[in-house]
Amino acid sequence: MRHFAIVGSGPAGFYTAEALEKAYGEAARIDILDRYPVPYGLIRFGVAPDHQSLKAVSKRYDKVAESAGVDFIGNVTIGRDVSVAELLDLYDAVILATGAPHDRKLGIPGEDLPGVIGSAEFVGWYNGHPEFADLDPFVGGSHAAVVGNGNVALDCARILAKTCHEFEGSDIVGHALDALDGSAIRTITILGRRGPHQIAMTPKELGELGHLEAAVPVIDPADFPPVEADEPLEPGLRKSVTLLRGFADLADDKPKRMMFDFFAKPVRIEGEGKVERIVVERTELDEKGAARGTGETYEVPASLVITAIGYSTSPIEEVPFEGGKFVNEGGRIADRLYAVGWARRGPTGTIGTNRPDGYEVADRILAELPADDTGEREGAAGLKRLLESRGVMPTDYDDWRRIEETEVSRARPGSPREKFVRHEDWLKVLGR
Ligand code: NAP
């Protein structure tokens, strides 16, 4: 019997478990570990609460978790409760599927002022991530700025722009809904350091902005090249650019405005004791398509600044790490140690991108650790013994179902659940 430990229960972890189960059949036991008693990582804590159709992919992961060869082991932090070296002693292979939960920094003066937050913090706050339950982003001013031109920037800007009514059917947490309901924000400036042709926003997500109840997207047509220049663009990007151009035709008659400022690179953030404005430099594209400063600057008022410029993975002691992810070659970090998903590739691609990624690494593992070789490692039995000796009480998939049922039973009308946002509350449901 082969024993595999997958660290992280987000999409990358679950697709890899599914792939390993298919590859090894009954010859393997697969444990999916998570530091929380609740699984699904990015699906629960990252995907926007008003994108329930995307979150529905967790039903597929439920099937994996319920299958005979797979177990979920929650409430265990790798690097604190147990080391990677100890896991490698207990398991035939260890696969790091830890995602990329940390915000990249802009690296400009003023970034540490109160009121400047990263998208991981803001997204975690409205999605009920326990680390960010007390974030309390300041929504009492009239202006906010979101830095970045990717889908996460769009998520953050849209959540700031929506009315309470528009969150019906979502699983946004109560503390965020209440705060956003009382928000004074009327202008949300979305800052892109390059132009409309360089955005990383996809059409479906961009299209939503044109149909918001109380907010209208605003663009300056002067930022766009002649329309013929859109022709050679890749079809998805062309569609996004066409949508952006179309925003110019929308009536500017709603109380909130989402201003797209292109060619605007943040150079510093200013304010007396808290953020009041972000100073940006106008840019142009250089020969390689990168943003080059022109020396001309202007100020964007903002009492809340959200940076949405990408993420990085958490380093783990003794695992080689560089450029925000684990050093790996085709998913292999070292003998019997692998990485998948954002921990392998960096924070790009959709949820579905993790499926071929997980299957590829599972194929590689199968080639390196054949199914017919009998492994001699202990797997979960040894892990549980080790954890017990350290006073760590792991949770299982049934525990998660109890938490989920309780969350569903507490749901406000129209919401699929009311999430618990603190680790101790999850444990309380389990009577601990
Ligand atoms: P992203 O797509 O890589 O976008 C990052 C943005 O930040 C880019 O516009 C980038 O501009 C900008 N940026 C980076 N460094 C900057 C700096 N120093 N100053 C100013 N701007 C800077 O990352 P993301 O938005 O975090 O999304 C991560 C992945 O998740 C993406 O693949 C995304 O599509 C996916 N996602 C999908 C959905 C969905 O499907 N609904 C929702 C959320 C996220 P440059 O291009 O100039 O570098």
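Overall, the accessible surface of segment 136-278 at a probe of 1.4 angstrom is composed of carbon and sulfur to the extent of 52 percent. Stretching ALA411 away from SER389 to a fully extended chain increases their span by 4.1 nm, per 0.36 nm per residue minus the current alpha-carbon distance. Projection of the Cα convex hull of segment 252-309, averaged over all directions and equal to a quarter of that hull's surface, yields 5.5 nm².
For segment 232-381, the fraction of alpha-carbon pairs lying more than 20 Å apart is 72 percent, rounded to a whole number. Take the Cα of SER53, step 7 Å toward its Cβ, do the same at ASP220, and the gap between the two points is 3.5 nm.
Simple point charges give the picture: +1 on the Cβ of Lys and Arg, -1 on the Cβ of Asp and Glu, and for the chain a dipole about the Cα centre of about 320 debye. At a probe radius of 1.4 angstrom, the accessible area of the chain per residue rounds to 43 square angstrom. To make sure I understand the rule: partners must be lysines, Cα under 24 Å from the Cα of LYS256, and not fewer than 8 residues away in the same chain. Which ones qualify? Excluding near neighbours in sequence, the set is LYS162, LYS204, LYS265, LYS274. FRET efficiency for the ILE108 to GLU378 pair, using the beta carbon distance and R₀ = 56 Å, is estimated at 0.65. The base-10 log of I(q)/I(0) for the chain, evaluated at q = 0.13 Å⁻¹, reads -1.16 [Debye formula, identical scatterers on Cα atoms, solvent excluded].
Using r as the Cβ-Cβ distance of ARG245 and GLU284, and R0 as 25 Å, what FRET efficiency do you calculate, to the nearest 0.05?
Numbers: r = 20 Å, r/R0 = 0.80.
Between ARG245 and GLU284 the formula returns 0.80.
Inter-label distance, HIS165 to ALA334: 5.8 nm, where each label sits 7 Å from its Cα along the C-beta direction. Does segment 149-299 classify as rounded, prolate or oblate by the C-alpha gyration tensor (a ≥ b ≥ c root eigenvalues; a/c under 1.5 gives rounded; else a/b over b/c gives prolate, otherwise oblate)? Judged from the Cα gyration tensor, segment 149-299 comes out oblate (a/c at least 1.5, b/c at or above a/b).
Projecting the Cα atoms of THR348, ALA334, ALA362 onto the dipole axis of segment 329-375, where Lys and Arg carry +1 and Asp and Glu carry -1 at the beta carbon, places THR348 farthest toward the positive end.
Could you tally up the Lys pairs in segment 1-117 with alpha carbons closer than 26 Å? Skip any pair fewer than 8 positions apart unless they're on separate chains.
So the count of such lysine pairs works out to 4.
Relative to the first principal axis of the alpha-carbon coordinates of the chain, what is the inclination of helix 354-368, with its axis defined by its Cα atoms, in degrees from 0 to 90 and to the nearest 10? Orientation of helix 354-368: about 30 degrees from the principal axis.
Mean residue ellipticity, 222 nm, helices only, the chain: the sum of -39500 (n - 2.57) across DSSP H runs of n ≥ 4, divided by residue count and rounded to 500, is -8500 deg cm²/dmol. Entry note, segment 392-432: relative contact order of 36 percent, from Cα contacts under 8 Å with a spacing of 6+ residues. With all pairs of separate Cα atoms included, segment 110-192 yields a Kirkwood hydrodynamic radius of 13.1 Å.
Inter-label distance, SER67 to THR350: 2.2 nm, where each label sits 7 Å from its Cα along the C-beta direction. Scalar couplings 3J(HN,Hα) for segment 61-69, obtained by applying the Karplus form with A = 6.51, B = -1.76, C = 1.60 to θ = phi - 60°, are 5, 4, 4, 5, 5, 7, 6, 4, x Hz; x denotes Gly and Pro.
Extension gain for GLU234 to ASP89 (0.36 nm times residue separation, less C-alpha to C-alpha distance): 47.5 nm.
Taking the chain as the reference, fit the longest principal axis to its C-alpha atoms, fit the long axis of helix 235-246 to the helix C-alpha atoms, and give the angle between the two in degrees, 0 to 90, nearest 10. The angle comes out near 40 degrees. With a cut-off of 18 Å on the backbone N, the residues of segment 52-85 near the modelled label site 7 Å out from LYS204 along Cα-Cβ are 52-61.
The values are calculated or read from the model by the stated rules, or taken from the named source; none is laboratory data. All values derive from a computational prediction rather than experimental measurement. Glycine gets a Cβ as well: all are built from the backbone with ideal geometry, and neighbour counts include every protein chain shown. SASA here: full protein model, heavy atoms, side chains in, ligands and nucleic acids out. Shrake-Rupley method; radii C 1.70, N 1.55, O 1.52, S 1.80 Å.
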